[in-house]
Amino acid sequence: MNNFFKHRLGLHFKEMTRYLKYVFNDFFVIALMFFIGALGLVYSNFLKEVVGGLWWEKVVIILVLVIALQICGMATLIKQPDKVFIAPKEYEFGSYLKSSFYYSLTLAFLFEALVVFILMPFVSISLHWNGIQIIELFCLILILKWLILKNNWANFYLDFPKSIFEKVIVNLIIPAIVLIVTLYVNLSVGIALALFFSILLQLALNRLANLLDWKYLIDNEERRMANIYRFFSLFQDVPEVKPKVKRRRWASPLLKSVKTIHNNTFTKLYLLTFIRDGEISSLYFRLIIIGFLVIVFVKNNVLSLCIYDLFIYLVGFQLIPFYKIFDDNVFVHIYPISEKTRMDNFRIVVRTMLSIEILVLTIGMLISGTSIQFIGFALIVGLFEIYCLTGPYLKSKFEN
């Protein structure tokens with residue numbers, strides 16, 4: 001079973017590598033550099049205002065650590081056919097889960113190390129802790145993560161009582177209690193309490209039979225992989241991601257405002273699809289919200305201007321391929337509408353979406369205190385970007 005997990009892990013790495021080359025393209029790397037730089041500047045300015053000893057500082061540390069503990073669940077790499085082909089070796093499956101547990105634990109430890117490293121300056125200033133105490137805090141976080149992953153493992157068996165209440169207790173309440181004791185009482189007491197809960201869970205796990213809950217096991221892994229595939233789908237078409245269409249009742253007035261006439265056919269069709277398609281609309285709103293928040297917290301005029309123009313470009317670059325969304329629909333090709341009219345309709349929709357983004361980002365610049373001169377210049381550059389993206393770039397990309 002150990003060799004089987006290694007084989008499955010190798011296939012998983014190969015699949016992830018195939019998608020990652022699309023994720024870390026030139027545009028995303030540049031955007032990531034700007035985003036990390038902006039966050040670093042905001043965090044640096046924030047640390048200068050931290051004085052230590054304030055009531056909210058410990059609350060922030062607890063919230064950040066509890067949220068970080070919810071990320072990186074147990075990866076089993078189980079697939080749907082396994083419940084048939086591996087069922088005869090179910091009693092030997094413990095070694096497979098053990099390998100997957102240590103793999104998941106390694107990924108979780110790396111992530112938690114990154115979180116503690118980022119949080120270290122804030123903890124040092126607000127709690128006046130030295131390096132040894134921060135290392136002890138990291139060890140405490142690792143114990144809590146071990147506890148959460150062990151609970152995930154226990155849920156894979158039929159005789160373990162699975163419920164939302166049980167997950168809330170182990171994933172949220174226990175880590176919160178341990179961290180409250182750690183920060184408000186004593187660090188050593190917090191570590192001892194975490195070890196106590198871990199020992200109790202291990203004793204409960206030792207009493208479980210070897211009967212697996214295959215449905216839960218497969219559903220859990222499919223949910224985990226669906227989240228990964230949804231992220232990859234922002235950069236590349238992913239066959240595993242099925243489009244979700246939802247009616248947005250709040251958008252009905254907007255759709256009714258578009259006149260149902262011959263020349264507006266694709267305007268309404270693109271707008272309707274954009275609103276109801278969960279992938280493209282969620283990507284659009286996420287990028288706008290992230291851009292707005294970054295601009296609000298950045299106090300540097302030049303950096304705000306760069307981020308402003310960067311996010312307009314990013315959203316526009318993601319919307320342009322939406323032009324071809326109907327190409328696989330044979331009925332669309334029999335519409336008595338010219339390609340020029342279709343492109344003009346699409347141009348109207350994209351310009352409307354990007355104009356809304358400009359409005360939101362401009363409000364962010366006003367909130368951050370950016371000077372009027374920079375805001376005016378940003379508007380000019382933003383409008384020029386919209387013209388270039390929906391004019392020459394769109395035409396050169398899709399004209400026959």
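Tyr157's amide H: which non-local residues (gap 5+, or another chain) put their own amide H closer than 5 Å, with H modeled 1.01 Å from N in plane and none for Pro or chain starts?
Asp213
Let me cross-check Val360: its accessible surface, 1.4 Å probe, with only protein heavy atoms counted, in Å² to the nearest 10?
The accessible area comes out at roughly 40 Å².
What does the C-alpha gyration tensor say about the overall shape of region 8-71? Classify as rounded when a/c is under 1.5, otherwise prolate if a/b is larger than b/c, or oblate.
Oblate.
Kindly flag which residue pairs out of Lys48/Lys299; Lys162/Lys215; Lys79/Lys167; Lys14/Lys145 have an alpha-carbon separation exceeding 18 Å in this structure. Please report the intermediate quantities before stating the final value.
Values: Lys48/Lys299 14 Å; Lys162/Lys215 13 Å; Lys79/Lys167 24 Å; Lys14/Lys145 27 Å.
Distance filter (> 18 Å) returns Lys79/Lys167; Lys14/Lys145.
Karplus couplings for region 216-228 from phi (6.51 cos²θ - 1.76 cosθ + 1.60, θ = phi - 60°), rounded to Hz, Gly and Pro as x?
Residue by residue, region 216-228 yields 5, 4, 6, 4, 5, 5, 5, 5, 5, 5, 4, 5, 5 Hz.
Kindly report, to the nearest 10 Å², the accessible surface of Thr273 as traced by a 1.4 Å probe over protein heavy atoms only.
For Thr273, the solvent-accessible surface is approximately 30 Å².
Compare the Cα positions of Trp55, Phe398, Ala154 along the charge dipole of the chain (+1 at Cβ of Lys, Arg; -1 at Cβ of Asp, Glu; about the Cα centre) and return the one farthest towards the positive end.
Value computed over the given set: Phe398.
Pull out the extension gain between Ile337 and Lys6, defined as 0.36 nm times the separation in residues minus the alpha carbon to alpha carbon distance; nm, one decimal. It would help to have the intermediate numbers written out before the result.
On the way: separation 331, 0.36 × 331 = 119.16 nm, distance 5.48 nm.
Gain on stretching Ile337 to Lys6: 113.7 nm.
Sort the following peptides by mean Cβ neighbour count (other Cβ atoms within 10 Å, averaged over residues), highest first: 379-385, 260-266. Intermediate results must be reported in sequence, preceding the final value.
Details: 379-385: 15.6, 260-266: 13.1.
In decreasing order of mean packing, 379-385, 260-266 become 379-385, 260-266.
Given a 1.4 Å probe and the protein chains all in place, what does the accessible area of Ser368 round to, in Å² to the nearest 10?
Approximately 10 Å² of Ser368 is accessible to the 1.4 Å probe.
If you stretched the chain out fully between Tyr19 and Phe285, how much longer would it get, using 0.36 nm times the residue separation minus the C-alpha to C-alpha distance?
The Tyr19-Phe285 span can extend by a further 93.4 nm.
Where in region 51-74 does the label zone of Tyr184 land, with the point 7 angstrom along Cα→C-beta and an amide N cut-off under 15 Å?
So the set is 54-63.
Label-point separation (nm) for Lys48 and Asp219, each offset 7 Å from Cα along Cα-to-Cβ?
Calculated label separation equals 5.2 nm.
Please work out the Cα center distance from region 103-139 to region 155-213, rounded to the nearest Å.
21 Å
For region 68-83, just list the computed ³J(HN,Hα) in residue order, Karplus coefficients 6.51, -1.76 and 1.60, θ = phi - 60°, integers in Hz, with x standing in for Gly and Pro.
Here the 3J(HN,Hα) series is 4, 5, 7, 8, 6, x, 7, 9, 9, 6, 6, 10, 4, x, 4, 5 Hz.
With each run of n ≥ 4 DSSP H residues scored as -39500 (n - 2.57), what mean residue ellipticity at 222 nm is computed for the chain after dividing by its residue count and rounding to the nearest 500 deg cm²/dmol?
On the way: 17 runs with 287 residues, N = 400.
Calculated from helices alone, the mean residue ellipticity at 222 nm is -24000 deg cm²/dmol.
Relative contact order of the chain: what whole-number percent is it, with Cα pairs under 8 angstrom and at least 6 residues apart? Could the numbers behind the result be given before it?
Values: 330 pairs, mean separation 65.9, N = 400.
Contact order relative to length: 16 percent.
Select from Ser338, Ser44, Ser282 the residue whose mean-square fluctuation is largest in a Gaussian network model of the chain (Cα-Cα springs shorter than 10 Å).
Sorting by GNM fluctuation, first place goes to Ser338.
Highest mean first, how do 145-155, 219-229 rank when packing is the count of other Cβ atoms within 10 Å averaged over residues?
Result, highest mean first: 145-155, 219-229.
Tell me the angle of helix 372-388 to the major Cα principal axis of the chain, expressed in degrees between 0 and 90 and rounded to the nearest ten.
70 degrees
Could you order Ser304, Ser99 so the one with the most accessible surface comes first? Probe is 1.4 Å.
Working: Ser304 0, Ser99 30 Å².
The most accessible residue leads, giving Ser99, Ser304.
Mind listing the phi-derived Karplus ³J(HN,Hα) values for region 326-336, rounded to whole Hz, using 6.51, -1.76 and 1.60 with θ = phi - 60°, and x for any glycine or proline?
Once rounded to whole Hz, the list reads 9, 5, 8, 9, 5, 5, 5, 6, 9, 5, x.
Starting from 0.36 nm per residue, how many nanometres of slack lie between Phe398 and Ile372 once their C-alpha separation is accounted for?
Numbers: separation 26, 0.36 × 26 = 9.36 nm, distance 3.75 nm.
So the chain would gain 5.6 nm between Phe398 and Ile372.
Given 37 °C and 0.692 mPa s, compute D for the chain with the Stokes-Einstein relation, Rh being the Kirkwood radius over Cα pairs; round to the nearest whole µm²/s. Before the final figure, lay out the partial values.
Working: Rh = 24.9 Å.
Estimated via Stokes-Einstein, D reaches 132 µm²/s.
The values are calculated or read from the model by the stated rules, or taken from the named source; none is laboratory data. Being a predicted model, the structure only gives us computed values, none of them experimental. Counting neighbours? That spans all protein chains shown, and the Cβs are built from the backbone with ideal geometry, glycine included. Side chains included, ligands, DNA and RNA excluded: accessible areas come from the protein's heavy atoms. Shrake-Rupley method; radii C 1.70, N 1.55, O 1.52, S 1.80 Å.
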